[in-house]
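Structure, as structure tokens:
The values are calculated or read from the model by the stated rules, or taken from the named source; none is laboratory data. On a predicted model such as this, the values are computed, not experimentally measured, just so you know. All Cβ positions, glycine included, derive from the backbone under ideal geometry; neighbour counts span all protein chains shown. Each accessible area value is taken on the protein alone, full model and side chains, heavy atoms only, with ligands, DNA and RNA left out. Shrake-Rupley method; radii C 1.70, N 1.55, O 1.52, S 1.80 Å.
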Amino acid sequence: MTTIRYTRYLHNTISKPAMLLSALVLCMLPVLAGCANTNNPAASGSSAGTTATSEAGTKSAAQKLTIMLDWYPNAVHSFLYAAEAEGYFAEEGLEVEIQMPADTNDALKLVAAGKVDLALSYQPQVLMARGEQIPVKSIAALVRHPLNHLMVAADSGINRPGELSGKQAGYSSVPLYEAMLNTMVKSDGGDPSSLKLVDVGFELIPALSTGRVDGIMGGFINHEQLILEQQGYPVRSFNPVDYGVPDYYELVLVASEQGLQDSQGFYHKFVEAIRQGQQYVTGHPDEALKLLLAHQEDTAPLDEAIEQRSLEILLPLMDAGSQPFGYQDSASWEKVNQWLSENGLLTGEVDVKNAFINF
């Protein structure tokens, strides 16, 4: 059975089974076969190695893989818990350990450094990392469209991004968010240079609900918007895709180039398992939600009503249509790369063909 736990990943190395000469001499072949099946441990190598089986054909030991989330467990991660609970990882011969990052920027750094096998990150960040010669590559698109929308209070009188000109906009000091905001305002005929940017850190919700700012960039429609509405602060949200920002993949599955070189076969198995996991979530959303809630962190408890609504929002945005779950379109990578370059967010040339791979 696949296990999921929030602990440091340990690579287990088990010695190769010894051949007992006395068993060869004293035991009849059927007995020897029984001995091999019950007494000899399976050998395993590094996380990139193959798993040995006994000569009698015993089942291979599960290959251990680690994956780091982009944030604390929430509805977008339901496919992982479904793949674990329904045995899809186990069927692929995998034992998967899920880790939660101490910081939202940890995942990409740790997978690049080889500290974890896989990580959840974002399409623009993958391209920006490659611009800095950080050898990471996306192996699956999980959320195919932006969740990060520009939000204003429903009663603010602001009906379009351009009308935010000259007003205060809160964001979490992320250059990508600033570029998105500027693009949206300019695309809608406003003046981005007149924006009064306020770094509110992670306090996006109180910044908007208290009127400290007129709008926020960095809030997700499946989280901040739902919480604001639940608290009695309805918002109007603007999709960046409608205002000049390319339709990017909000969440992607990332590996390092070295990891792909060493373990591509296992990563392929992982993708196959999460495809089944997502299929289960799509067909059994209520059951999938229960699996998620069973894995919520004590330090980040989940609101069941919020996560249920979040999952309803996410499912169509994760649907690849006629393509398998996780499929990535080269045109998307080209458009996002061009927009990042035009906005000065790439520190070097990026060969898009090397930024992603489809399984």
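With a cut-off of at most 13 other beta carbons within 10 Å, and DSSP calling the residue loop, which trypsin sites (Lys or Arg not before Pro) in the stretch 195-293 qualify? Please list them.
Passing sites in the stretch 195-293 do not exist.
Of all chymotrypsin sites (Phe, Trp or Tyr not before Pro) in the stretch 156-222, which ones are in loop regions per DSSP and have a Cβ with at most 14 other Cβ atoms within 10 Å?
In loop regions of the stretch 156-222 (DSSP not H, G, I, E or B), the sparsely surrounded chymotrypsin sites (Phe, Trp or Tyr not before Pro) are 202.
Using a 1.4 angstrom probe on heavy atoms only, work out the carbon and sulfur share of the accessible area of the stretch 179-312 in %.
Its accessible area is 45 percent carbon and sulfur atoms.
Each residue of the stretch 302-319 in turn: what ³J(HN,Hα) in whole Hz from Karplus with 6.51, -1.76, 1.60 and θ = phi - 60°, glycine and Pro shown as x?
With the stated coefficients, the stretch 302-319 comes to 9, 9, 4, 5, 5, 5, 5, 5, 4, 5, 4, 6, 6, 3, x, 7, 9, 7 Hz.
Considering the Cα positions of the stretch 137-292, please state its Rg to one decimal place and its Dmax as a whole number of Å.
Calculated on Cα positions, Rg and Dmax stand at 18.6, 55 Å.
Cross-link list 115/269; 137/186; 167/335; 269/353; 109/186: which exceed 27 angstrom alpha carbon to alpha carbon?
Distance filter (> 27 Å) returns 137/186; 167/335; 109/186.
Which of the three applies to the stretch 109-176, rounded, prolate or oblate, going by the alpha-carbon gyration tensor with a ≥ b ≥ c and a/c under 1.5 meaning rounded?
Cα axes put the stretch 109-176 in the prolate bin.
How many nm separate the modelled label positions at residue 229 and residue 299, each set 7 Å beyond the Cα in the direction of the Cβ?
3.0
Would you work out if the stretch 254-307 is rounded, prolate or oblate? Take a ≥ b ≥ c from the square roots of the eigenvalues of the alpha-carbon gyration tensor; rounded if a/c is under 1.5, else prolate when a/b is larger than b/c, oblate otherwise.
Verdict is oblate for the stretch 254-307.
For the stretch 54-158, what are Rg and Dmax over the alpha carbons, in angstrom?
18.0, 74
How much length is gained on full extension from residue 347 to residue 203, taking 0.36 nm per residue of separation minus their Cα-Cα distance?
So the chain would gain 48.9 nm between residue 347 and residue 203.
Mind checking the full-extension length gain between residue 331 and residue 290? Use 0.36 nm per residue of separation minus the Cα-Cα distance, one decimal, nm.
Here the answer is 11.1 nm.
How would you classify the stretch 272-338 from its alpha-carbon gyration tensor, with a ≥ b ≥ c the square roots of the eigenvalues: rounded for a/c under 1.5, else prolate if a/b is greater than b/c, otherwise oblate?
prolate
Can you compute the FRET efficiency between residue 261 and residue 113 using 1/(1 + (r/R0)^6), with r the Cβ-Cβ distance and R0 = 22 Å? Round to the nearest 0.05.
The pair residue 261/residue 113 has a calculated efficiency of 0.90.
Determine the gain in length on full extension of the stretch residue 242-residue 268; use 0.36 nm per residue of separation and subtract their C-alpha separation, reporting nm with one decimal.
Fully extending the segment from residue 242 to residue 268 adds 5.9 nm.
How large is ³J(HN,Hα) for each residue in the stretch 84-89, as worked out from phi by the Karplus curve 6.51 cos²θ - 1.76 cosθ + 1.60 (θ = phi - 60°), to whole Hz, x for Gly and Pro?
Residue by residue, the stretch 84-89 yields 6, 5, 8, x, 5, 5 Hz.
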